[in-house]
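What follows is calculated from the coordinates using simple rules that are stated; it is not laboratory data. The structure presented is a predicted model; accordingly, all values stated were derived computationally and were not measured. Cβ atoms come from the backbone with ideal geometry, glycine included; neighbour counts cover every protein chain shown.
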Amino acid sequence: MTEHIPVQATPEGQSVHLLLVDDHPLVRDGLRARLETIPSVHIAGEAGTAEEALAIAANTRVNLILMDINLGSGNGISLTARFKTEYPDIAVIMLSMHEKAEYVTQSMQAGARAYVLKDAPAVEIIEAIDVVTAGGTYFSSGLTRPADASDNRQVLTSREKAILKSIATGKSNKHIANELGLSVRTVETHRLNIKRKLNIEGQADLIRYALNNMIA
């Protein structure tokens, strides 16, 4: 296994060390312009090929990758699998033009923690970063989820389950945030991700689900 400069798990307020992997320089420029406005995001490097990405990861502090699914010298799915093996502390968010369920499933099986469509609003990339660095998984709205994503509570992280249980007891976002040591924004992002994973539309349905499934 290649030696990697580790980055500790990202607590509230600590910078995300992000690697942009896309074989189109204009796309990387656009992503950099969007993300450099976020104080918590530090662009650690850019790569256009798998070899460049691996070299940067070996010599730079990186804890998150925005990975294009199509690379000129290979593909992001196989590169994600390699990162999962060689650098398991680096999380991957897959960026793709493909909406087909097979691409989503293959990406998640390879180790990606999120799947975001390239034509999605910029806010979805930011939400995906928030959710993944908090330990969750994220899918662009409208995507067909992988087969195992319909397994209700089994697809939720321990943090999401804790938040859902708090929702069941009637606690507000502010109360949950104080109780779990999170920001209100992070709790709101978790609630959105929970609804997407469980295919729940409104707040009333989310509360109903929590009451029916999270009270012992």
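Can you check what the net charge comes to around ILE200, using other residues whose Cβ is under 11 Å from the Cβ of ILE200 (Lys, Arg +1; Asp, Glu -1)?
With Lys, Arg at +1 and Asp, Glu at -1, the neighbours total +3.
Calculate, in nm to one decimal, what LYS118 and ILE207 gain on full extension: separation in residues at 0.36 nm each, minus their alpha carbon distance.
Contour length minus the Cα-Cα distance gives 28.9 nm.
What order do you get for SER183, SER166 when you list them from fewest to most C-beta neighbours inside 10 Å?
Fewest-to-most Cβ neighbours within 10 Å comes out as SER183, SER166.
Within the chain, what's the longest stretch lacking GluC sites (Glu not before Pro) that sit in DSSP loops with no more than 15 other Cβ atoms inside 10 Å? Before the final figure, lay out the partial values.
Details: sites that count: GLU3, GLU12, GLU36, GLU99, GLU201.
Between exposed loop sites, the widest span is 100-200.
Got a sec to turn the phi values of the range 183-191 into Karplus ³J(HN,Hα) couplings, 6.51 cos²θ - 1.76 cosθ + 1.60 with θ = phi - 60°, whole Hz, x for Gly and Pro?
7, 4, 4, 5, 4, 4, 5, 4, 4
Between their Cα atoms, which of LYS118/LYS165; LYS84/LYS118; LYS100/LYS174; LYS174/LYS195; LYS118/LYS195; LYS118/LYS171 are more than 26 Å away from each other?
LYS118/LYS165; LYS100/LYS174; LYS118/LYS171
Taking the Cα centre of the chain as origin, work out the dipole magnitude from +1 charges on Lys and Arg Cβ and -1 charges on Asp and Glu Cβ, in debye rounded to 20.
In total the dipole reaches around 900 debye.
Where does each of ASP68, ASP89 land when they are ranked from fewest to most other beta-carbon atoms within 10 angstrom?
ASP89, ASP68
Quick one: what are the phi-derived ³J(HN,Hα) couplings along the range 83-98, Karplus 6.51/-1.76/1.60 with θ = phi - 60°, whole Hz, x for glycine and proline?
Once rounded to whole Hz, the list reads 4, 4, 7, 8, 9, x, 7, 9, 8, 10, 10, 7, 10, 8, 8, 8.
Using amide H atoms built 1.01 Å from N in the peptide plane, name the residues 5+ places from PHE139, or on other chains, whose amide H lies under 5 Å from its own.
TYR115
As an exercise, take the mean of 1/r over every pair of distinct alpha carbons in the range 151-213, invert it, and state the Kirkwood radius in angstroms.
11.5
Between GLN109 and LYS161, what is 0.36 nm times their sequence separation minus the Cα-Cα distance? Round to one decimal in nm.
16.5 nm
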